[in-house]
Amino acid sequence: MISRYARAPMVALWSAHSKYKIWFEIEAYACEAMAASGVIPKEAAEQIWERGRAAEFDVERIDEIEREVKHDVIAFLTHLAEFVGEPARFIHQGLTSSDVLDTCLSVQLNRASAMLLEGMDKVLAALKAQAYAHKTTVCIGRSHGIHAEPTTFGLKMAQAYAEFARCKKTP
């Protein structure tokens with residue numbers, strides 16, 4: 001993303017810190033499910049959630065570990081274990097790195113889509129307001145890139161509104 005054009009919430013969503021928080025959630029939910037199935041102790045899953053949720057992931061520390069172990073998920077899990085302690089031995093059981101990475105990407109795409117749709121709602125509201133505000137504001141119509149019959153600026157805004165609304169409905 002080009003930072004000067006990006007909105008802060010979107011930048012934050014795609015940051016390394018956010019990625020690691022999501023990785024933690026994926027690992028913790030997997031532990032919770034394994035505890036519910038009796039595969040790991042329930043207390044361990046609870047401690048993983050409690051200690052991991054309070055953790056402040058240090059991106060530089062994870063990068064440092066990754067330089068040594070040459071694996072991003074192992075580096076993250078090693079850092080997570082520094083917070084979680086003994087129950088960390090149950091984390092990542094039955095998972096692959098791709099399970100974590102692919103699920104994280106899916107979560108980020110879902111959250112990014114929600115942000116974009118929320119932004120689109122604001123654009124639609126602004127277009128609608130301008131369409132009503134300028135429903136009698138005469139302006140030059142255009143056809144094939146040249147002047148045509150006069151129209152209203154409100155009509156142009158209403159056309160833009162219709163196009164944005166149609167795009168929002170398109171899956």
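The values are calculated or read from the model by the stated rules, or taken from the named source; none is laboratory data. Just so we're clear, the structure is a prediction, and the values are computed from it rather than from any experiment. For neighbour counting, all protein chains shown are included, and Cβ atoms are generated from backbone atoms with ideal geometry for every residue, glycine included.
Observations, loosely collected:
- Annotation note: Cβ proximity below 6 Å between a residue of segment 87-109 that is more than 12 Å from residue 74 (Cα to Cα) and a residue that is part of a loop (DSSP other than H, G, I, E, B) and hydrophobic (A, V, I, L, M, F, W, C) (sequence gap 6+ or interchain) occurs for 90/40.
- Top-ranked residue of segment 48-90 - restricted to ones that are part of a loop (DSSP other than H, G, I, E, B) and within 19 Å of residue 104 (Cα to Cα), ranked as farthest from the chain's Cα centre (by Cα): 71
- Within segment 1-19, the residues that satisfy the criterion of being in contact (Cβ under 8 Å) with a residue 40 or more places away in the chain and out of contact with any Cys (no Cβ under 9 Å at 6 or more places or on another chain) are 7, 9, 10, 13, 14, 16, 17, 18.
- Failed condition for residue 143, given (1) modelled with pLDDT of 95 or more; (2) loosely packed, with under 12 Cβ neighbours inside 10 Å; (3) small (Gly, Ala, Ser): (1)
- Which numbered condition residue 157 fails, given (1) in the same structural domain as residue 48 (by TED's automatic domain parsing); (2) surrounded by 13 or more Cβ atoms within 10 Å (Cβ to Cβ); (3) not aromatic (Phe, Trp, Tyr): (1)
- Taken over segment 1-47, the criterion of being farther than 25 Å from residue 86 by Cα and part of a helix (DSSP H, G or I) is satisfied by 3, 4, 5, 8, 9, 10, 11, 12, 13, 16.
- Residue satisfying condition, being farther than 30 Å from residue 60 by Cα, without any contact (Cβ under 8 Å) to a residue 12 or more places away in the chain and surrounded by 11 or more Cβ atoms within 10 Å (Cβ to Cβ), within set 163, 149: 163
- Test for residue 73: is it loosely packed, with under 14 Cβ neighbours inside 10 Å, of a type in the set (Val, Ile, Thr), closer than 21 Å to residue 98 by Cβ and in the same structural domain as residue 26 (by TED's automatic domain parsing): no
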